[in-house]
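Right, one structure below, let's go through it.
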Amino acid sequence: MNYKLKKLITNWRVIMLVIFIVISIVAINPTLSKGVAIRSVATNSSASIAGIPQPKPNVQPVAREKIIAINNRPIEDVGDYYNQISAIGPNRTITIKTTKGIYKLVSSEDIGLRVYDAPTTNIRKGLDLQGGTRVLLQPEVKLNPYDVGVLIDNMKERLNVYGLSDIVIRDANDLVGNQYIIVEIAGASEEEVKDLLARQGKFEAKIGNKTVFKGGRDIVYVARSANEAGIDPNAGCGQSNGQWFCRFRFSITLSHEAAQRQAEATKGLEVVYDSTTGRSDYLSEKLELYLDDKKVDELNIGADLKGEAVTQIAISGSGIGVNQQDAIYNSLQNMKRLQTILITGSLPVKLSIVKTDAISPVLGEGFVDNAILMSSLAILAVAIVIGIRYRKLLIALPILITMLSEVVILLGVAAFIGWNIDMAAIAGILVAIGTGVDDQIVITDETLKGETAAVYNWKEKVKRAFLIIMLAYLTVVVAMIPLIFAGAGLLKGFAITTIIGVTIGVFVTRPAYSAFIEVMLK
């Protein structure tokens, strides 16, 4: 028995399975986090002014900035957070301690933070499990891939301007060629999202109360290539008060009509002198940028532009960070955001809302509990059937261990690639587990079949079993591929999770199980 066990744990297929399990656990990164994670920071809110950054997209869930204390009182969950905030009166100083710093801000009716219970793993929950809104939109006209990219960039910008994060926007097509845009936003109400997406929107640039140009026809060109836009070579990056800052720079070209309006708006402005440099750098008014009547940015106007109908304008700005790399990233993100606004303040095509789904966070938690319960019952049912079928613990237990291994590896892959686990994905996991059990039964029956004992040796029996398994695997993959494009992409999670699950089973867990059968039951 010791010889067989030693041979089993040194088998390369078993070692490969163990390596995959370890890597998956590291990717999932289970932790006992406390506090509340910051979902979004509203633009120009008290939290934003205090320096709390908007969460970056695609950051691993457990790496999100978390609020751990308010006014030195620990925060363990969302209930603690809102109770503490509501107990503080208006115009009071609030000290917020997070995992990345300490911020001081002035309390108001809404300090601008949206939070949720801190994630305990890197597994990303889909909208079905964490609550939020899904909107299915259809463009009025067919768009080419470039226009789809511009549309998605503009939609992300609009939603970010309104302080919404955890946004997934993707294009999708059905099997008959209809084109759709799918928008998923965690923690947002249906009315809020519909109001933002139902209108094309408008962009305006104002000096004082005068509109000098609008998005679209007034802006002829926005420099975006690497040799025309980027970190300002003259200003570069530097440090101040323990933080890094980097300035970006790019140019835009206005139409002649917009340039003339700018000349009229600036000719009566005063020149502001900088006492420290002794130079006249800027005019007394700033160029203010508005999206849907909401100010999103403001820029200094160079003194040399006073009364001049200039079509070529240099736009600059900055980004800050805890280190130079972070500051460069934030600066370039701010530049891209501003470029997107300047290209067009309105969506390039009108969208009609085909379907909306709103799921409350409470209902999402119920889905999670039900999914765990049903998955556990399914595994228990399989265990009972296998126990009745073979009546050998030496066979039933490895099958159950293999099932659990497939789940861990599949969740590890999802955490590593940032794939959202929603109800459709859970259904795909159950399908993958079901096909896995079926394949293990095929391996067991083929290798233990009495009537073929004289005809096939053990290796030939396993090869015969894997021929059956590969044919079944290819059948599943071919069946899942059309579902990736069916239903406007809403079945994509089910199809891809199923394909990944059965692929892991065929190339990782099934070989390890066959090695067990060969060594322990031979």
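Before moving on, here are some points about what is shown:
- Which numbered condition Gly487 misses (of (1) touching a helix residue (DSSP H, G or I) at 6+ places or on another chain (Cβ under 6 Å); (2) at pLDDT below 80): (1)
- Of the helices (runs of 4 or more DSSP H) that lie entirely inside the range 70-177, those containing 3 or more residues that are free of Cβ contacts under 8 Å to residues at least 60 places away in the same chain and not assigned by TED's automatic domain parsing to the domain that holds Asn323 span 78-87, 145-161.
- Filter pass, Glu308 being surrounded by fewer than 17 Cβ atoms within 10 Å (Cβ to Cβ), touching a residue at least 24 places away in the same chain (Cβ under 8 Å) and of a type in the set (Asp, Glu): yes
- In the range 407-425, of all residues being within 14 Å of Asp128 (Cα to Cα) and buried (at least 23 other Cβ atoms within 10 Å of the Cβ), the one that is farthest from the chain's Cα centre (by Cα) corresponds to Ala425.
- The C-beta contact set for the range 468-488 (first residue free of Cβ contacts under 8 Å to residues at least 24 places away in the same chain, second residue surrounded by 17 or more Cβ atoms within 10 Å (Cβ to Cβ) and not hydroxyl-bearing (Ser, Thr, Tyr), distance under 6 angstrom, 6+ apart or interchain) comprises Met480/Ala495; Met480/Ile499; Leu483/Leu491; Leu483/Ala495; Ile484/Lys492; Ile484/Ala495.
- Note on the range 7-51: among residues that are hydroxyl-bearing (Ser, Thr, Tyr) and more than 21 Å from Pro119 (Cβ to Cβ), the one that is surrounded by the fewest Cβ atoms within 10 Å (Cβ to Cβ) is Thr10.
- Restricting attention to the range 95-132, the residues that are closer than 13 Å to Glu76 by Cα and small (Gly, Ala, Ser) total 1.
- Residues of the range 180-214 that are modelled with pLDDT of 70 or more and either of a type in the set (S, T, N, Q) or assigned to a loop (DSSP other than H, G, I, E, B) (or both): Gly208, Asn209, Thr211.
The values are calculated or read from the model by the stated rules, or taken from the named source; none is laboratory data. Here the structure is a predicted model, which is why all the values come from computation and not from measurement. As a convention, Cβ positions derive from the backbone with ideal geometry for all residues, glycine included, and neighbour counts pool all protein chains shown.
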